[in-house]
2 protein chains.
Amino acid sequence: MPTSIKKDFPTYNVRRFLEPGPIVLVSSAHKRQTNIMTMGWHMMMEFSPALVGCLISGANHSFELIRKSRQCVINLPTTDLAATVVRIGNCSGCDIDKFSEFGLTPEVGTHVRAPLIGECYANFECRLADSGWVKKYNVFVFEVVKAHVATSPKLPKTIHYRGDGEFMLSGEETRRWRKLFRPGML
Amino acid sequence: MPTSIKKDFPTYNVRRFLEPGPIVLVSSAHKRQTNIMTMGWHMMMEFSPALVGCLISGANHSFELIRKSRQCVINLPTTDLAATVVRIGNCSGCDIDKFSEFGLTPEVGTHVRAPLIGECYANFECRLADSGWVKKYNVFVFEVVKAHVATSPKLPKTIHYRGDGEFMLSGEETRRWRKLFRPGML
């Protein structure tokens, strides 16, 4: 799987990729450890600053890396990475280095120490903005401080999870209802 | 648009329909008023009790109806309702009765007073479970206390928003990677 050529992307518009509900890979680093986890439960919370709420169970090895480093990268995988996404979710970073195990390329970010995953369509560098619901719900609120998005294809073919091993893959992209929107409602 | 024949569905599994990230219609009632709003920012937070975090801006007429009644219904529209979903998002319930304006059928729930939308594929009756982040982020945490899901088709063709009037429609459904999952990770 090749790494993508990427461009800077405005953080206030990361909803473009996260609002449709794709499964994502979250990469993290603390001291000498790095890790990757598969995450399906997340939501946009604000355009600017670009806030994203993420549920990261305390059972994940990534939980402590992220809690302590207060950083992560949300990486957007496409369907060609689906088998890898499942395999990453199957195993724990306690036991293995997931970058080397799965042949993924760690890339250096500009704002965080957590590595970007080169093979993903987009990488959103995040800083922990609010840990107030970490204990209660395992919910971390991150601010996307830097966004990198592939220049091609124009839109990613994303992976959406239904539970029980079933996926929905993103389908048709359309602007056919765009003319119905009042401009302020776009 | 016909209303659907629906069956009871286990609330612990509503992630099946909400995790893929569809745009939803939220219906509410307080005193003599009802309303419907279009909502794109939500996330699963727990299986059982089935918790869903939802961002409802204070600019919406629904905000006060939901805050005061502490209830709502999350309704799952399919692509045949896309134009209606846009039109509902365009206008305010201050001015109109959205059920009659858009020819939608209010149905009676079993656990909440907010009306279900008959034409939607699924209806999730919700009670407000946590209002701790309403002031800070406009985030309501609801518990789904009753779920109604159409008996046919087996899976809904859902609408996913990218901003700027662009939608992604749900595509292929697949279990092709199911055999890769460790059973505990499904």
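The values are calculated or read from the model by the stated rules, or taken from the named source; none is laboratory data. Note that the structure is predicted; figures quoted are calculated from it, not measured. Positions of Cβ are backbone-derived with ideal geometry, glycine not excepted, and every protein chain shown enters the neighbour counts. Heavy atoms of the whole protein, side chains included, go into the accessibility calculation; ligands, DNA and RNA do not. Shrake-Rupley method; radii C 1.70, N 1.55, O 1.52, S 1.80 Å.
Key figures for this structure:
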item	result
Relative contact order computed over the stretch B:1-108 (Cα-Cα under 8 Å; 6+ residues apart), in percent	28 percent
Stokes-Einstein D in µm²/s, Kirkwood radius over Cα pairs - the stretch B:8-102 at 25 °C with 0.890 mPa s viscosity	175 µm²/s
Cα extents of the stretch A:20-68 along the three principal axes, largest first (Å)	33, 21, 15
Dipole of the protein assembly as shown, positive end: most advanced residue of B:163, A:163, B:137 [Cβ charges, Cα centre]	B:137
7 Å along Cα→Cβ, label-point gaps from residue B:12 to other copies, nm, shortest first	4.4
Cβ-vector label at 7 Å, residue A:33, separations to other copies in nm	5.1
Dipole moment magnitude, nearest 20 debye, the stretch B:37-139 about Cα centre, only Lys, Arg, Asp, Glu C-beta charged	440 debye
Whole-number percent relative contact order across the stretch B:35-173, with pairs defined as alpha carbons under 8 Å at least 6 apart	27 percent
Dipole-positive endmost among A:117, B:20, B:54 within the protein assembly as shown (Cβ charges, Cα centre)	B:54
Positive-end residue of A:66, A:99, B:152, charge dipole of the protein assembly as shown with Cβ unit charges	A:66
Centre separation in Å (Cα based) which lies between the stretch A:66-137 and the stretch B:94-140	35 Å
For residue B:173, inter-copy label distances in nm, listed shortest first [label point 7 Å out on the Cα-Cβ vector]	2.5
Geometric extent, Cα atoms of the stretch B:49-98 - Rg, Dmax (angstrom)	12.4, 36
Solvent-accessible area buried by B and A, counting both chains, probe 1.4 angstrom, square angstrom	5800 Å²
Cα-Cα over 27 Å, subset of A:31/B:135; A:7/B:157; B:68/B:136; B:98/B:157; A:157/B:179	A:31/B:135; A:7/B:157
Percent antiparallel among DSSP beta bridges (both partners in chain B, rounded to 5)	100 percent
Axis proximity, chain A to B: residue whose C-beta lies nearest, plus whole-Å distance	A:21, 1
Cα pair count fraction exceeding 14 Å, expressed as % - the stretch B:108-170	69 percent
Scattering curve values for chain B, log₁₀ I(q)/I(0), Debye with Cα scatterers, q = 0.11, 0.18, 0.19 Å⁻¹	-0.45, -1.25, -1.40
Ratio Rg/Rh [Cα only; Rh per Kirkwood] for the protein assembly as shown	0.95
GluC sites (Glu not before Pro) restricted to DSSP loop in the stretch A:122-186 with at most 11 other C-beta within 10 Å	none
Size-normalised alpha-carbon gyration radius of the stretch B:79-186, reference 2.2 N^0.38 Å	1.33
Carbon + sulfur, % of accessible area of chain B - ligands and nucleic acids excluded, 1.4 Å	49 percent
